[in-house]
Amino acid sequence: MLRFEQVSKRYADGTVAVDDLNLDVAEGELVTLVGPSGCGKTTTMRMVNRLEEPTAGRVLFDGRDVAEYDPVRLRRRIGYVIQQVGLFPHRTVLDNTATVPHLLGWRRPKARQRAAELLDLVGLDPAVYGDRYPDQLSGGQRQRVGVARALAADPPVLLMDEPFGAVDPVVRERLQNEFLRLQAEMRKTVLFVTHDIEEAVRLGDRIAVYGQGRVEQFDSPAAVLGAP
Ligand code: ADP
Ligand code: ADP
């Protein structure tokens, strides 16, 4: 579903963030990218939805170079969740979630109905939380809205960049469990960035262990844990 072929990214200032990366992600697979800060994980993700362009090599989505896609259409098929989810502060939780269905051309009642279903899916009762504003939510709840919004267009691919990185450990564990349950049903193709090896092992079907700009190991959780 996703394939990186000899992908490199050098930023304008000369920093080589990704260096000759090769990686394959099967349909329905959840791959975690793990490694220390600055090793190129975020850059890797951002080349999938064309927030960055590779300086060499290519990234394939469904067999086609992402460079050939219209970026807007591409991003409709690739959900994106980041650590500090940017919600519209002056819109309610329901309206924040309904934005994407609305942009897809759905009529307002249908978009709101869909938004309510998505909030339910991520464990937020729309009757309780739908009319709140983002600053009336806890950090964990805001991240849930971010996941709901990323799922709104029903994209086959999800990019998640430390989505649970800013919440406390107890909430994080709950969000991880909920996400695993959701993924068991949805079977999205997921790239999940984390610097936490425990999280990587817990969530990943396979784990890409990053060194500087490269994948040093790409294997099952058991194999990664068993490594010397
Ligand atoms: P990670 O997600 O693993 O923390 P990043 O992909 O964010 O790593 O960064 C990889 C390297 O690229 C780091 O050295 C970082 O400082 C550098 N980098 C990231 N974004 C830019 C940018 N826009 N311009 C220059 N260097 C950048
Ligand atoms: P979570 O486990 O989802 O992170 P918290 O433990 O942070 O939740 O919050 C517990 C409860 O407090 C939640 O029901 C949340 O709605 C409420 N809450 C947290 N922050 C605020 C806030 N700024 N305004 C109103 N309610 C809040």
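The slack between LEU182 and VAL72, meaning 0.36 nm per residue of separation minus the straight C-alpha distance, is 37.0 nm.
About the Cα centre of the chain, how large is the charge dipole given +1 on each Lys and Arg Cβ and -1 on each Asp and Glu Cβ? Please answer in debye to the nearest 20. Before the final figure, lay out each step's value.
Working: 30 positive and 32 negative charges, 185 e Å.
About 900 debye.
Between the listed residues LEU203, LEU180, ALA152, the Cα displaced farthest toward the positive end of the dipole of segment 145-206, a dipole computed from Cβ unit charges relative to the Cα centre, is found at ALA152. In the chain, helical runs assigned H by DSSP with n ≥ 4 each contribute -39500 (n - 2.57); averaged across all residues and rounded to the nearest 500, the mean residue ellipticity at 222 nm is -10500 deg cm²/dmol. Normalising the Debye intensity of the chain to I(0), with uniform scatterers on Cα atoms only, and taking log10 at q = 0.12 Å⁻¹ returns -0.65.
Relative to the Cα centre, the charge distribution of segment 35-160, modelled as +1 at Lys and Arg Cβ and -1 at Asp and Glu Cβ, gives a dipole magnitude of about 200 debye. Taking the Cα centre of segment 119-228 as reference, the dipole from Cβ charges on Lys and Arg (+1) and Asp and Glu (-1) amounts to some 160 debye. Note on THR55 and LYS110: the model spin-label points, each 7 Å out from Cα along the C-beta direction, lie 4.7 nm apart.
The Cα atoms of segment 1-76 cover 30, 25, 20 Å along the three principal axes, with the biggest extent listed first.
With each label modelled as a point 7 angstrom along the Cα→C-beta vector, the ARG202-GLU117 pair spans 3.0 nm. A convex hull fitted around the alpha carbon atoms of segment 129-199 yields 100 Å³ per residue.
Note on ASP125 and ALA26: with the Förster distance fixed at 35 Å, the Cβ-Cβ geometry gives a FRET efficiency of about 0.55.
Throughout, read-outs are computed from the coordinates displayed, never taken from laboratory work. In this text the structure is predicted, and so the values were computed from the model without any measurement. Note: ideal-geometry Cβ built from the backbone for every residue, glycine included; neighbour counts use all protein chains shown.
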